[in-house]
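The structure under discussion appears below in the form of structure tokens.
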Amino acid sequence: MLLRAHADMYAIRRFEEHIMRLFLRGEIAGTTHLCNGQEAVCVGLGYALDEDDVVAGTYRGHGHILARGSEELRLAAELLGRVDGLCGGRAGSLNVFDPTRNYIGSFAIIGGSIGAATGAALALKGTGRVAVADFGDGTTNQGYFFECLNFAKVYDLPLVFSLENNGYMEYTPIGNVTARPDDLAGRAEAFGIETERVDGMDVRAVYEASLRAVERARAGEGPQFLEYRTYRFVGHSRSDPGDYRPEGELERWQERDPLTLSRRALTDELGTPDEDIAAREQEVDERLERAIDAALASPFPTPEELEVLS
């Protein structure tokens with residue numbers, strides 16, 4: 001499992017690096033938000049879910065879409081605005097979705113995912129399926145965050161609240177604007193929702209905690225809340241150099257890069273040869289090169305095709 005998880009996290013990291021290069025070349029219009037450093041949450045949570053479960057994500061959602069099994073070519077084509085994209089080239093980075101994988105949307109509105117996932121969980125109650133709301137720490141100061149927590153608990157919805165706490169609300173350190181920033185999960189506990197605080201840089205810790213929460217929700221034990229402590233290695237968006245970070249903070253977190261931790265566990269704990277890891281990474285690199293080339297070769301939608309899509 002760990003070698004596959006390492007390869008999947010590596011694929012997300014390399015995909016995001018490709019997207020950044022394409023953006024800098026002027027191939028991607030608008031903006032884009034990358035998840036470098038947060039891959040362990042995408043993969044560990046994804047492994048805990050069934051295909052029939054439903055996920056709602058944020059504008060920083062590329063990793064979660066890929067973890068749901070969406071095709072790299074089709075996601076890249078969507079970000080490039082091409083006709084072979086998941087949404088025909090119309091959604092771009094901020095609003096992409098893939099109903100074939102039960103990924104019901106990346107939401108540009110802060111916390112929009114929790115409203116969508118709460119509604120999905122209401123529809124799924126009693127079916128054995130689970131909905132997941134993935135969101136960032138900035139959402140925890142929104143009014144509908146508390147409304148959804150309350151609603152989900154009152155109706156015992158099969159909903160997993162997945163908080164990726166990377167320490168920054170866009171450009172603002174969470175402690176500057178939030179009471180008790182060291183315990184955001186406590187906000188869910190106030191509603192009587194079962195919570196876990198998780199090392200979001202360790203894919204095995206993420207998977208194990210996510211699986212426990214998903215199984216409880218699936219068994220009818222009501223909503224669950226997971227706070228993954230993680231960190232983004234890039235700026236908030238493509239135009240953000242991250243100059244507001246304290247000196248040395250990024251480097252300290254990079255020492256716990258999810259890929260570094262998984263590689264170390266593979267070699268030191270499991271005895272996996274370096275050549276095996278390198279071979280899997282090379283397979284990923286070659287696959288992504290083909291996907292990006294194919295996405296770039298995809299045409300832009302014609303006005304007639306856009307009309308049909310609308």
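Please treat every number below as a calculation from the coordinates, not as lab data. Since the structure is predicted, the reported quantities are computational estimates derived from the model, not experimental observations. Note that we place each Cβ from the backbone using ideal geometry, even for glycine, and neighbour counts take in every protein chain shown.
Taking 37 °C and 0.692 mPa s as conditions, segment 155-257 diffuses translationally at an estimated 218 µm²/s according to Stokes-Einstein applied to its Kirkwood radius (Cα pairs). Across segment 3-139, Cα-Cα distances exceeding 26 Å account for 18% of all pairs.
Extension gain for the segment Glu215 to Leu24, taken as residue separation times 0.36 nm less the Cα-Cα distance, is 64.5 nm to one decimal. Each Lys and Arg Cβ is given +1 and each Asp and Glu Cβ -1; about its Cα centre, the chain then shows a dipole of about 600 debye. Beta bridges assigned by DSSP with both partners in the chain are antiparallel in approximately 10 percent of cases. Using only alpha carbon pairs under 8 Å that are at least six residues apart, calculate the relative contact order of segment 35-150 and give it in whole percent. Relative contact order of segment 35-150: 27 percent.
Our coupling estimate for segment 178-186, obtained by passing each phi through the Karplus curve with A = 6.51, B = -1.76, C = 1.60 and θ = phi - 60°, is 9, 6, 6, x, 7, 8, 5, 4, x Hz, Gly and Pro reported as x.
When you filter the GluC sites (Glu not before Pro) in segment 29-86 for DSSP loop state and at most 13 other Cβ atoms inside 10 Å of their Cβ, you are left with Glu51. Along the charge dipole of the chain, pointing to its positive end and built from +1/-1 on Cβ of Lys, Arg, Asp and Glu, which listed residue (Ser237, Ile114, Ser93) has its Cα farthest out? It is Ile114. Taking a Cβ cut-off of under 14 Å around Asp156, the surrounding Lys, Arg, Asp and Glu residues balance to a net charge of +2, with basic ones at +1 and acidic ones at -1.
When each of the peptides 105-117, 152-164 is scored by the mean number of other C-beta atoms lying within 10 Å of its residues, the order from highest to lowest reads 152-164, 105-117. As a length-normalised measure over Cα pairs under 8 Å and 6 or more apart, the relative contact order of the chain settles at 24 percent. Only DSSP H runs of four or more residues enter the estimate; each adds -39500 (n - 2.57), and after division by the residues of the chain the mean residue ellipticity at 222 nm equals -13500 deg cm²/dmol. Mind checking the log10 I(q)/I(0) for segment 79-223 at q = 0.11 Å⁻¹? Debye, one equal scatterer per Cα, no solvent, two decimals. Treating every Cα as an identical point scatterer, log10 I(q)/I(0) equals -0.45.
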